[in-house]
Amino acid sequence: MGHRVRAPTTGRVTPDRPGGGDDQPQQHHRRDRMPATSNHRRPGRVPVRRPPMGRPAVRRDRGHTATVASGDPTPPGDAEREVPPRATPAVPGWAVRVLTRSAAALALAAVGWLLFWFLLRVPLVTVALAVALLLAALLQPVARWLRRRGLPPGLASLLSVLLLLAVLTGVGALVGFRAAAKLRNLARPLTAGIDRIRVWLIEGPLGLDPQRVADIRNTVVTRIYQLIPEPAAAARMALYVLAAVILVAFVLFFLLKDGERMWGWALGWVPGRRREHVDGAGRCAWTTLSGYIHGVIIVAIIDAVGIGTALFILDVPLWVSLTLLTFLGAFVPIFGATISGAVAVLVTLVTNGLTDAIIVLVVVLVVQQVEGNLLQPLIVGRTLHLHPVAILVAVTIGTLLWGLAGALLAVPLMAVAYRIAEYVREHRQPPAAPSIAHPESVPSGGSEPAPVAGAGRA
């Protein structure tokens with residue numbers, strides 16, 4: 001009863017544990033069930049230790065700190081977590097250049113649009129400034145000649161402006177008085193000429209219906225009366241023209257007197273690295289404008305002398321007015337010469353008859369052919385490098401925007417803009433070519449030249 005029976009063993013004896021009985025399970029420690037630990041770290045992985053409960057873990061990865069919540073269990077395989085490298089992607093140089101130039105182009109376009117919108121809002125100021133620039137280019141040789149004679153700049157500029165006003169006033173008064181005197185005696189010849197044209201339209205090769213001819217005559221007379229302004233509108237127009245003349249004279253005086261100083265002040269707003277290019281572009285534009293205005297004046301004088309001589313020989317009543325109209329028409333390419341020639345032929349037809357009108361038409365065609373094929377290429381073509389289509393479009397746009405003044409100013413302004421664009425294209429900085437040693441720089445023995453002392457030092 002008091003003896004413990006031991007089970008038979010095969011060489012292994014399990015000792016009795018104090019306080020234990022037969023029902024206590026045996027403890028067998030197997031090494032294959034223990035978690036394997038390794039001190040070997042994989043490349044690119046950072047071990048993360050489990051913190052004690054209640055305290056967050058702080059992981060440090062190459063200067064970056066990350067906090068891991070202590071309450072969440074670590075999933076299997078999270079003991080070694082891969083940390084990707086944090087590298088900033090490099091922006092290509094061409095992309096930076098494209099973005100920079102695009103932003104500059106957009107800013108320039110916005111400024112140009114705002115300036116264009118402002119100029120459209122104040123046509124009086126715009127036209128006055130443009131006319132003053134043209135007249136300054138015309139009178140600059142006169143003012144320079146007066147300065148060489150010892151006159152102060154202010155007095156030379158004032159005399160140049162007064163000379164221009166005297167010439168314009170004298171020509172306007174002469175033409176106006178002669179036209180008024182002739183028109184009083186032209187009532188009967190004009191009526192007879194209109195009757196001859198009506199008879200030719202009815203009985204001539206066209207064979208128009210008399211009622212149709214009467215309707216055309218009434219329409220023309222109505223349109224002529226519509227062109228005559230009312231007294232109030234005429235007064236407003238006179239004040240407008242007077243204000244424009246005063247503004248042009250004021251600006252013209254200071255352009256002749258302080259033109260170089262004003263240009264230097266404008267260049268002061270340009271960055272230093274761009275100042276030389278802007279100065280060169282501005283001077284090229286001014287040279288183009290001066291050459292254009294002087295060339296057009298020479299062509300206009302030749303046209304006026306040729307057509308005016310024919311009108312004077314044929315004793316056309318309004319030959320002085322028609323000569324002045326021919327002179328002014330030369331300033332509007334394509335349209336000006338055509339309109340002035342047509343008016344001269346029509347007035348000759350009404351006042352002198354068909355034969356004289358045909359003679360005037362032949363003279364006008366010959367003068368215009370000489371102008372277009374000889375005078376324009378030799379005199380104006382050296383400064384005006386524009387296609388006839390571009391000139392036609394410019395004159396049309398200028399006429400639609402500012403009327404007659406726009407037609408006069410469109411071509412010179414376009415010529416200036418084109419010359420500036422040419423200057424920018426010619427003086428654009430080419431990309432720097434890589435430096436390649438020439439064969440002549442290597443001695444004949446085949447050895448390279450000796451390095452410069454200190455060239456390899458940082």
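The table below gives the values:
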item	result
Yes/no for TYR240 being at pLDDT 80 or above, exposed (fewer than 14 other Cβ atoms within 10 Å of the Cβ) and within 30 Å of TRP402 (Cα to Cα)	yes
Unique residue being assigned by TED's automatic domain parsing to the domain that holds ALA285, crowded, with 17+ Cβ neighbours inside 10 Å and either on the phi > 0 side of the Ramachandran plot or not in a helix (DSSP H, G or I) (or both) when the list is LEU375, LEU384, LEU349	LEU384
Checking VAL220 against (1) free of Cβ contacts under 8 Å to residues at least 60 places away in the same chain; (2) more than 27 Å from PHE327 (Cα to Cα), the condition it does not meet	(2)
Residue among LEU146, LEU135, LEU155 that alone is assigned to a helix (DSSP H, G or I), closer than 24 Å to VAL241 by Cα and in contact with a helix residue (DSSP H, G or I) (Cβ under 9 Å, 6 or more places away or on another chain)	LEU135
Condition met for VAL251 (within 27 Å of LEU162 (Cβ to Cβ) and assigned to a helix (DSSP H, G or I))	yes
Residues located in segment 319-338, provided they are over 14 Å from VAL367 (Cβ atoms) and either within 37 Å of the chain's Cα centre (by Cα) or among the aliphatic types (A, V, I, L, M) (or both)	VAL320, LEU324, LEU328, PHE331, VAL332, PRO333, ILE334, PHE335
Filter pass, ALA337 being surrounded by 15 or more Cβ atoms within 10 Å (Cβ to Cβ), touching a Phe, Trp or Tyr at 6+ places or on another chain (Cβ under 6 Å) and of a type in the set (A, V, I, L, M, F, W, C)	no
Verdict on GLY193 being surrounded by 14 or more Cβ atoms within 10 Å (Cβ to Cβ) and in contact (Cβ under 8 Å) with a residue 12 or more places away in the chain	yes
Condition check for THR100: of a type in the set (Ser, Thr, Tyr), closer than 28 Å to GLY403 by Cβ and out of contact with any Asp or Glu (no Cβ under 7 Å at 6 or more places or on another chain)	no
Qualifying residue in segment 381-398 (condition: among the charged types (D, E, K, R) and within 21 Å of LEU325 (Cβ to Cβ))	no
Test for PHE312: is it surrounded by fewer than 22 Cβ atoms within 10 Å (Cβ to Cβ), in a helix (DSSP H, G or I) and outside the structural domain of LEU190 (by TED's automatic domain parsing)	yes
Residue in segment 242-299 that is nearest to LEU158 (Cα to Cα), counting only those that are under 24 Å from the mean Cα position of the chain (by Cα) and among the basic types (Lys, Arg)	ARG283
Any hit, segment 160-178, residues being surrounded by 12 or more Cβ atoms within 10 Å (Cβ to Cβ) and in contact with a Pro (Cβ under 7 Å, 6 or more places away or on another chain)	no
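The values are calculated or read from the model by the stated rules, or taken from the named source; none is laboratory data. Predicted, not measured: the structure shown is a model, and the values here were computed from it. Don't worry about glycine lacking a Cβ; one is built from the backbone with ideal geometry, like all the others, and counts go over all protein chains shown.
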